[in-house]
Every structure is written in C-alpha cells, then in structure tokens.
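Since the structure comes first, as structure tokens, the remarks are kept for the end.
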Amino acid sequence: MITVHDRTVTVFTANGYGALDTEIINPQVAETIGGDYSLTFTYPADGQLADHLLLENIVAAPTPTSQLRQGFRISQVRTELDGMLHVTALHVSFDLAANLIADTFVVNKTPQSALAQILGAAQYSHGFTATSADMATVASARIVRASVLAAIMDAGAENSFASRWGGELA
C-alpha cells in the first residue's frame, strides 16, 4: 500500500490522507547503496488525493529492500499537459542534508559510538537514529561545516563515517 501523509508525520503505520494505490501509475523506488534513494510515480491531477501531493508531504511506500514501508518526502511535482502529476520524492533520510554540523571531533570510537556522536552534533534536533553492524573498527574523524548526511555517507570525503569506518548505509 502506498499512502500520502502530512509533512510532519514520522510513523507510517496509519493511512494518513489515504491510499494512492487505486490511481497511482508506475511507482518506482530507486536505491543505490550510499547514494540515490527515491520514489517516482505518476498520478492523475484530478485524482482523489491529488490535493495532498504537495512539496514536503510524505509518501510511504514499500521498497524492494525493506519489510516496512519507507517515507519519501515529495521534492518535485510537475503537472503535464496530459493532466497527470509526475512526482519525485526523496527518502526522508535526505532531510539530514539540510542539517549541519558546525564542528565535532570523533576520537577513537567504534562505529556505533561514532554514529551517535555525529547525529548528536547536528545543529537542529531530529528524530533520526542509526545502528551499526558489529564492526570492531576504531577510528577518529574531525567533521567541520558538513551536513549530517554528508558526514555519514560521503565516501569521497576524508573525514566521513563511510571513509573512516566503512560500511554501507541501508
């Protein structure tokens, strides 16, 4: 079931504004490890829930890699001449791209402790948590003026979680 929710919702067990299933066309989840995680679909502009397909609202959808429905924040809605809405939504974890870390120095920590410090160093409070597989790596990283998402995922950055501790974001 694919449902649309208010932008402030964080749990997707209810139906929100309603289920899009009867009118949604070609919903596709794209997931690249350490990169893109998005949902795209088409929906009739005069469809029952079209008024709720607004920027920043959330669409909850099943994904090929998760048993639970995942939240995707609407980032683009294009209305075409054929009367269809083309919607693009990014996984809610991409909200961390707008939350900066001013400065934090992770010193000799395990992956789980490092993740906790990185998430705790965010400029704005958030509801995100992270867990790490049982890895014994102990490392350090100085993170200055970086988004929380980049501090975790950017394998090309010298002082990111991905480059110092390794692993993949799931």
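Treating each Cα of the range 121-170 as an identical point scatterer and summing with the Debye formula, the log10 of I(q)/I(0) at q = 0.12, 0.24 Å⁻¹ comes to -0.26, -1.02.
Can you check what the net charge comes to around Asp51, using other residues whose Cβ is under 15 Å from the Cβ of Asp51 (Lys, Arg +1; Asp, Glu -1)? Summing Lys and Arg as +1 and Asp and Glu as -1 gives -3. Normalised by 2.2 N^0.38 Å, with N the number of residues, the alpha-carbon radius of gyration of the range 54-156 equals 1.33.
Evaluated over the Cα positions of the range 2-125, the convex hull gives a direction-averaged projected area, one quarter of its surface, of 9.0 nm². Once the Cα atoms are used to define both axes, helix 111-120 deviates from the longest principal axis of the chain by about 70 degrees. Each residue was assigned an accessible area with a 1.4 Å probe, and for Leu68 the value is about 120 Å².
The values are calculated or read from the model by the stated rules, or taken from the named source; none is laboratory data. Bear in mind that the values here come from a model prediction, so they are computed numbers and not experimental data. Virtual Cβ from ideal backbone geometry, glycine too; neighbours counted across all protein chains shown. The area values use the complete protein model at the heavy-atom level, side chains included, leaving out ligands, DNA and RNA. Shrake-Rupley method; radii C 1.70, N 1.55, O 1.52, S 1.80 Å.
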